[in-house]
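One structure is given below, encoded as structure tokens.
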Amino acid sequence: MSYLPGRDYFVYYEELPMKVRGMVTVNEDDTYTIIINSLLPDCQKKKAYRHEVDHIENDDLHSDRDIREIEGKPA
């Protein structure tokens, strides 16, 4: 488990489709699970990790906003 002030999260590396760099889910106990694509080069793994941590810090998983808006993509 890693530590983010006020938030606990687990990080796993798994093979995912190459178009998926990472993902984050909230667990029943209010911890988070981050999965990073193990097929990515190390520099992209770091970027994917930071991106998913940003979602936790921004409380995106508890937001009512559309995922496209959260990700900065056109609707």
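The values are calculated or read from the model by the stated rules, or taken from the named source; none is laboratory data. Predicted model only: the values in this text are computed from it and were never measured. Every residue, glycine as well, gets a Cβ built from its backbone with ideal geometry; the counts of neighbours run over all protein chains shown.
Taking the criterion of being in contact with a Lys or Arg (Cβ under 9 Å, 6 or more places away or on another chain), touching a residue at least 24 places away in the same chain (Cβ under 8 Å) and either small (G, A, S) or loosely packed, with under 15 Cβ neighbours inside 10 Å (or both), the residues of segment 48-75 that qualify are A48, E57. For segment 29-75, a residue qualifies if it is among the charged types (D, E, K, R) and farther than 15 Å from R7 by Cβ, and the qualifying residues are D42, K45, K46, K47, D64, R65, D66, R68, E69, E71, K73. Only residues that are under 21 Å from M18 (Cα atoms) and either β-branched (V, I, T) or out of contact with any strand residue (DSSP E or B) (no Cβ under 9 Å at 6 or more places or on another chain) (or both) were counted in segment 55-69, giving 2. Of all residues in segment 21-45, those satisfying the criterion of being surrounded by fewer than 14 Cβ atoms within 10 Å (Cβ to Cβ) and at pLDDT 95 or above are S38, P41, D42, C43.
Of all residues being part of a loop (DSSP other than H, G, I, E, B) and of a type in the set (V, I, T) in segment 5-44, which is farthest from D59 (Cα to Cα)? Just the residue, please. Looking at the filtered set, the residue picked out is V20.
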